[in-house]
Amino acid sequence: MNYWLFKSEPDEYSINDLAAEPSGSGCWDGIRNYQARNILRDQVREGDFVFFYHSSCKVPGVAGTAIVTRGAYSDPAQFDKQSKYYDEKSTADKPRWFCVDLSFKSRFKEVVSLKTLKATPALSEMMLLKQGRLSVQPVTADEWRKILQMAKP
DNA sequence: GCCAACGTTGGC
DNA sequence: GCCAACGTTGGC
């Protein structure tokens, strides 16, 4: 079982949107970066835990947690000509892009901000702080525990 | 809105 | 395969 950090722009899809999904779980789609795709496809498994990170917003940071309820499967949006995620080079038997399903787990009372993460010595090795632009990234068990500790209950 | 740090594309 | 030009991400 592993830990991950997934980024989303809250204007597009926030932790509240995930929490409000009628089925209790939502499809994490639209990943169009190969490094993120490879992690999603090859390493993210059902039952893994996920930090839901809000990016490109007023207070960027970890907003809550989710659990992976379905491992990687072909992202339907890549075949949808109306979608901004449409990819003409994808075929049904050779899909380029993948998504997973997430189920809402918890919302932090306050976002654990990027600023706070940066100011925490125990988290100085976090991938988030090393390679800011990657939208799916691994989190160590220690980092997971530490950030949960920092989140207000 | 700016810009740094990437990632992708395409000519050669 | 190199690299310049261009596009995107995401913090500020």
Compute the relative contact order of segment A:27-153 as a whole-number percentage, counting only Cα pairs closer than 8 Å that sit 6 or more residues apart in sequence. 27
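Restricting to bridges with both residues inside chain A, how much of the DSSP beta-bridge set is antiparallel, in percent to the nearest 5? Present the calculation step by step, with values, prior to reporting the outcome.
Details: 24 of 30 bridges.
Around 80 percent of the beta bridges assigned by DSSP in chain A are antiparallel ones.
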In terms of the charge dipole of chain A, which places +1 on Lys and Arg and -1 on Asp and Glu at the beta carbon, the residue among A:Phe52, A:Val139, A:Leu18 farthest towards the positive end is A:Val139
For segment A:3-150, with only Lys/Arg (+1) and Asp/Glu (-1) charged at the beta-carbon, what is the dipole magnitude about the Cα centre, in debye rounded to 20? 420
Of A:Lys84/A:Lys130; A:Lys7/A:Lys89; A:Lys84/A:Lys118, pairs whose Cα-Cα distance is over 27 Å: A:Lys84/A:Lys130; A:Lys84/A:Lys118
Chain A: angle of helix A:141-150 to the longest principal axis, Cα-based, in degrees nearest 10: 60
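Every number here is computed from the coordinates shown, using simple stated rules; none is lab data. Note that this is a predicted model, so its numbers are computed, not measured. In this analysis, Cβ positions are derived from the backbone assuming ideal geometry, glycine residues included, and neighbour counts consider all displayed protein chains.
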